[in-house]
Every structure is written in structure tokens, then in C-alpha cells.
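> Shown below is the structure under consideration.
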């Protein structure tokens with residue numbers, strides 16, 4: 001079993017849930033003020049706090065438990081017609097000011113002297129929250145493990161040699177603050193699960209179940225709903241993950 005628990009530590013510890021927005025706002029404001037004080041004609045800051053959790057089982061045993069958090073701030077400035085960017089892992093006024101000053105230094109080093117005018121925008125503020133019926137991080141780990149084991153049980157079959165199930169949850173809190181007076185607060189939450197089974201039986205191709213409505217534009221042989229004797233020379237394995245991390249592996253029999 002693999003168990004990982006990561007916490008991005010600061011001197012004062014991880015930001016408590018109730019004070020996340022206040023901490024982010026203080027850091028962003030410190031960054032914008034520092035950038036303007038260093039000569040920037042425009043500045044904005046983006047603070048982010050992320051959390052990711054994963055639970056996985058394999059053949060009736062817990063395989064993976066991970067829970068990680070990270071945070072940081074990015075600063076963008078416009079100095080003398082040149083852009084500068086910098087970031088800092090410290091979500092604090094000190095880290096924000098350091099990032100702002102480095103961004104101003106990068107912009108100054110670019111050496112652009114012609115002014116760059118930005119389109120005028122109206123100062124606005126807004127917020128968005130992903131609507132959730134139940135916070136996935138509030139679900140106890142033992143419930144998640146039990147669900148994975150029930151999923152595995154549904155995959156049991158004499159020909160199934162490996163059964164796996166997994167659950168993942170991810171949250172991201174973001175704040176954007178600019179010298180133009182714009183403030184946008186966002187919180188995104190997503191969760192999902194997956195399962196897979198590896199079946200081994202010589203000369204038999206396992207079926208694609210619940211395949212009842214063929215697509216006329218896809219004329220592949222999906223082996224619908226019932227296993228079929230077939231000599232297989234090549235096979236493909238597809239793995240799909242959060243954020244578009246996809247992989248396909250093609251294998252062939254030795255001649």
C-alpha cells in the first residue's frame with residue numbers, strides 16, 4: 001500500500017479553510033502595491049490553493065492513499081512598456097512582495113522603452129463556486145475505500161485476474177486582483193472514479209457490455225455483449241487520467 005500526505009508548509013502552517021480568502025487577498029494586495037511602488041504602470045496577482053486526494057484498491061487491498069496540498073502566487077507587471085512575470089511558493093505578503101519586485105526587475109531588464117497602453121476596463125468584482133451536493137473531501141476515507149472494494153466485487157469473475165478501482169477529488173481556490181480594481185474569486189471542485197479489470201483466457205476475447213446502439217460511423221468490431229473465440233495477434237491498452245493525461249500501449253505476439 002502506498003500512502004502519501006503532502007502539506008506545503010509555511011512558518012505559520014497551512015492556511016485554515018475559513019481564512020483562505022483573506023490570506024489570498026492580503027497576498028495579492030501586497031504584490032500589486034509593491035509592483036506599483038517599484039514603478040509598474042499596471043500589475044495583477046493570482047493566488048491559488050490546491051488540494052488533491054486519491055484512493056485506490058487492487059484485488060481487495062488498498063493500493064494507494066494520497067492527499068496533497070499546494071499554494072502560491074504569480075505576479076504580472078507592466079514597466080516601461082515591457083511585461084515581467086514572477087511567482088513565489090509562499091502565499092504571504094512577504095512572498096508576494098518578493099515576487100512583485102522580481103517581476104519588475106525582469107520587465108526592466110527587457111529594455112522596452114515605448115509605452116504600451118492597455119484597453120480601459122471597468123472595475124468589477126465577482127465570485128464563482130462549483131455547486132456541490134456533498135463536499136468530496138468531507139467524505140471519510142473509510143467510505144471511499146469501502147466503495148472501491150464494492151466496485152471491485154462487481155468485477156469478480158473466474159476469468160478476471162486483476163480488478164482495480166479508484167476515486168479522486170480535486171479542489172482549487174483562486175483569486176485574481178489587479179491595479180485596475182478588478183477582483184475575481186473562484187473555487188472549483190471536481191471528483192470522479194474509475195475501474196478496470198484484466199481478464200485472461202486463451203483464445204477468447206472479452207465482450208463490450210451494454211453495447212446496444214451501434215454507431216454507423218464506427219464500423220469496428222466491438223465484440224458486443226458476448227465473449228467470442230478469436231485468435232488475437234495484437235492488442236491495445238488505453239489509460240486515461242485527470243487533466244488529459246492519456247496513454248495508449250499497443251502490444252503484439254512474437255512471431
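> Just to check your reading of the model, which residue among 85, 106 is touching a helix residue (DSSP H, G or I) at 6+ places or on another chain (Cβ under 9 Å) and surrounded by fewer than 18 Cβ atoms within 10 Å (Cβ to Cβ)? Spell out how you get there, then give the answer.
Numbers: 106 fails: touching a helix residue (DSSP H, G or I) at 6+ places or on another chain (Cβ under 9 Å).
Just a single option satisfies the conditions, and that option is 85.
> Filter region 113-168 for residues that are under 25 Å from the mean Cα position of the chain (by Cα) and in a loop (DSSP other than H, G, I, E, B); which is surrounded by the fewest Cβ atoms within 10 Å (Cβ to Cβ)?
Step by step, filter region 113-168, then rank; the result is 133.
A quick yes/no check of all residues on (1) under 21 Å from the mean Cα position of the chain (by Cα); (2) modelled with pLDDT of 50 or more; (3) part of a helix (DSSP H, G or I); (4) surrounded by fewer than 16 Cβ atoms within 10 Å (Cβ to Cβ):
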position: 11; (1), (2), (3), (4): no, no, no, yes
position: 19; (1), (2), (3), (4): no, yes, yes, yes
position: 22; (1), (2), (3), (4): no, yes, yes, yes
position: 26; (1), (2), (3), (4): no, yes, yes, no
position: 34; (1), (2), (3), (4): no, yes, yes, no
position: 47; (1), (2), (3), (4): yes, yes, no, no
position: 52; (1), (2), (3), (4): yes, yes, no, no
position: 55; (1), (2), (3), (4): yes, yes, no, no
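> Keeping to region 195-229, report how many residues are within 30 Å of residue 136 (Cβ to Cβ) and without any contact (Cβ under 8 Å) to a residue 40 or more places away in the chain. Before you say what the answer is, go through the steps one by one.
If we filter region 195-229 for residues that are within 30 Å of residue 136 (Cβ to Cβ), which is where we start, we get 195-198, 208-210.
The next check asks that each one be without any contact (Cβ under 8 Å) to a residue 40 or more places away in the chain; those that pass are 196, 198, 208-210.
Within region 195-229, residues that are within 30 Å of residue 136 (Cβ to Cβ) and without any contact (Cβ under 8 Å) to a residue 40 or more places away in the chain number 5.
> Would you pick out the residues in region 214-239 that are under 29 Å from residue 167 (Cβ atoms) and surrounded by fewer than 11 Cβ atoms within 10 Å (Cβ to Cβ)?
236, 238
> Being in contact (Cβ under 8 Å) with a residue 24 or more places away in the chain and farther than 24 Å from residue 119 by Cα is the filter here, so list the residues in region 75-93 that pass it. Please lay out each step first, then the result.
Of region 75-93, the ones in contact (Cβ under 8 Å) with a residue 24 or more places away in the chain are 75-84, 89-93.
Answer for region 75-93, where residues must be in contact (Cβ under 8 Å) with a residue 24 or more places away in the chain and farther than 24 Å from residue 119 by Cα: 89, 90, 91, 92, 93.
> State whether one or more residues within region 182-199 are assigned to a loop (DSSP other than H, G, I, E, B), under 30 Å from residue 41 (Cα atoms) and at pLDDT 85 or above. Before the answer, list the steps.
Residues of region 182-199 that are assigned to a loop (DSSP other than H, G, I, E, B), as a first pass: 182.
Remaining after also requiring under 30 Å from residue 41 (Cα atoms): 182.
From the residues that got through so far, the ones that are at pLDDT 85 or above too are 182.
Yes.
> Turning to a different aspect of this structure: Looking at (1) in contact (Cβ under 8 Å) with a residue 40 or more places away in the chain; (2) closer than 25 Å to residue 154 by Cβ; (3) in contact with a strand residue (DSSP E or B) (Cβ under 6 Å, 6 or more places away or on another chain), which is the only condition residue 238 fails?
Condition (1) is where residue 238 drops out.
The values are calculated or read from the model by the stated rules, or taken from the named source; none is laboratory data. Just so we're clear, the structure is a prediction, and the values are computed from it rather than from any experiment. A quick note on method: Cβ atoms are made from the backbone with ideal geometry, for glycine too, and the neighbour counts reach across all protein chains shown.
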